[in-house]
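Below is one structure, written out as structure tokens; the observations come after it.
The values are calculated or read from the model by the stated rules, or taken from the named source; none is laboratory data. Quantities reported herein were computed from a predicted structural model and do not represent experimental measurements. Methodologically, a virtual Cβ is constructed for each residue, glycine included, from the backbone with ideal geometry; neighbour enumeration extends over all protein chains shown. For the accessible areas, the whole protein counts, side chains as well, though only heavy atoms, and no ligand, DNA or RNA atoms are used. Shrake-Rupley method; radii C 1.70, N 1.55, O 1.52, S 1.80 Å.
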Amino acid sequence: MKKTVLITGTSSGIGKATALEFHRKGWNVIATMRSPEKESELTNLENALVVALDVQNQESIDNAIEEGIKKFGKIDAIVNNAGYTVFGPFELTTDDQISRIFDTNLYGPMRVLRSILPLFREQKSGVIINVTSAGGRVTYPITSIYHATKFALEGFTETLAYELIPFGIQTKIVEPGSTATKFVGSAEITTGDNPIYDEFIHNGLKNWEKHDTLTSSPETIADKIFTAATDNNYVLRYPVGEDTEFYLAIRQSIDDQSYVDFMRNRFIPEYLNN
Ligand SMILES: NC(=O)c1ccc[n+]([C@@H]2O[C@H](COP(=O)([O-])OP(=O)(O)OC[C@H]3O[C@@H](n4cnc5c(N)ncnc54)[C@H](OP(=O)(O)O)[C@@H]3O)[C@@H](O)[C@H]2O)c1
């Protein structure tokens, strides 16, 4: 029997590439997005169901799962991909911005899982893939709130990877690095207007551009997500992208303070006295 995946945030980028990858590999795809009326490519695929799902809205999640099961009979894997970033210093971030990004990047996957877990438990199988980020393991300046959401999603998912084993449910984390999508262009900018951080942001961006050269394609990430969904094991983490591998290798090869010093020298050398 053909397997079925439900993916969130398939209107663009990694989510769309993942929907196309699973479809190409012969899966049924429940491609969910906030505005399905704008989609044309996935809508025309056989064995794909494009359906509305806003991860901030439990009813839309329950409905998408119901529609998917009505059409394909079963769901075998869930990819929690929808997410975005807030860019700017913490002090200039509003409560509303913080609430909304947590509501999407962390509470969103939690809502999806609350809805699908009874089904996975009942069928004694299922694969959960939460898309975090290299930024769920290491941090860069000026994106503290995004990191807070992805670190939280990592910790949450790691715990599930213990808790769901008795039910035969595989829990996985895919950690992309910089990926060529509309992610950076769609970043929400912190809204406080204190210019005290302007120079810091300017220098941070300059250093980021200098070092952020190892960008992956969304198809590379989709390929890793497909592997995680089909390798039939309990491996938890799937780092992907040359930059992710670079930072994780350094993080794991030196002590904690040496690592922090390395990152400071890389991203904020202007503010160090050495
Ligand atoms: N690109 C990178 O460099 C990078 C690196 C590490 C991790 N990631 C992670 O990869 C995932 C996908 O990002 P991407 O790079 O593919 O960016 P993207 O092209 O901007 O795609 C983000 C997707 O999330 C959707 N989304 C946002 N809020 C949503 C909500 N409330 N409900 C449902 N969908 C929502 C967007 O839908 P709309 O079209 O409706 O806005 C879009 O489909 C994110 O979790 C991101 O954190 C990306």
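Structure notes:
- Peptide ranges 240-247, 221-228 listed from the most packed, as the mean C-beta count within 10 angstrom indicates: 221-228, 240-247
- Accessible area of R100 in the full protein assembly, 1.4 Å probe (Å², nearest 10): 80 Å²
- Across the options H202, T159, Q170, the greatest Cα extent toward the positive end of the charge dipole of segment 87-220 (unit charges at beta carbon of Lys, Arg, Asp, Glu) belongs to Q170.
- On Cα atoms only, tilt of 58-72 relative to the major axis of the chain in degrees: 40 degrees
- In this calculation the C-beta distance from K74 to D103 is compared with R0 = 30 Å, giving a FRET efficiency of 0.55.
- Note on K210: lysines with a C-alpha under 22 Å away, same-chain residues under 8 apart excluded, are K182.
- Compactness index (Cα Rg / 2.2 N^0.38 Å), the chain: 1.03
- For segment 129-271, a Kirkwood hydrodynamic radius built from all Cα pairs, placed in the Stokes-Einstein relation at 4 °C and 1.567 mPa s, yields a translational diffusion coefficient of 77 µm²/s.
- Linear extension gain, A187 paired with V260, 0.36 nm per residue minus alpha-carbon span: 23.8 nm
- Accessible surface for the chain, divided over its residues, is 48 Å² per residue with a 1.4 Å probe.
- Relative to the current alpha-carbon distance between R24 and S217, full extension at 0.36 nm per residue lengthens the span by 67.8 nm.
- Oblate is the label for segment 1-74, because the ratio a/c of its alpha-carbon gyration tensor axes (a ≥ b ≥ c) is 1.5 or higher and a/b is not greater than b/c.
- Simple label model, 7 Å out from Cα along Cβ direction - T94 to S40, nm: 3.5 nm
- Carbon/sulfur fraction of accessible area - the chain, other protein chains in place, 1.4 Å, %: 52 percent
- Test item: Cα-centred dipole of the chain, Lys/Arg +1 and Asp/Glu -1 on Cβ, debye: 980 debye
- For S12 and Y271, the difference between the fully extended length at 0.36 nm per residue and the C-alpha to C-alpha distance is 89.5 nm.
- In terms of Cα atoms, the Rg and Dmax of segment 69-214 work out to 17.7, 56 Å.
- Centroid-to-centroid separation of segment 249-266 and segment 219-234 [C-alpha atoms, Å]: 29 Å
- Dipole-positive endmost among G136, A187, T4 within the chain (Cβ charges, Cα centre): T4
- Each peptide in 116-126, 189-199 was scored by the mean count of other Cβ atoms within 10 Å over its residues; highest first, the order is 116-126, 189-199.
- Label sites at R114 and A52, each approximated as a point 7 angstrom past Cα along Cα to Cβ, lie 2.1 nm apart.
- Taking label points 7 Å from Cα along the Cα-to-Cβ direction, D198 and E242 give a separation of 3.6 nm.
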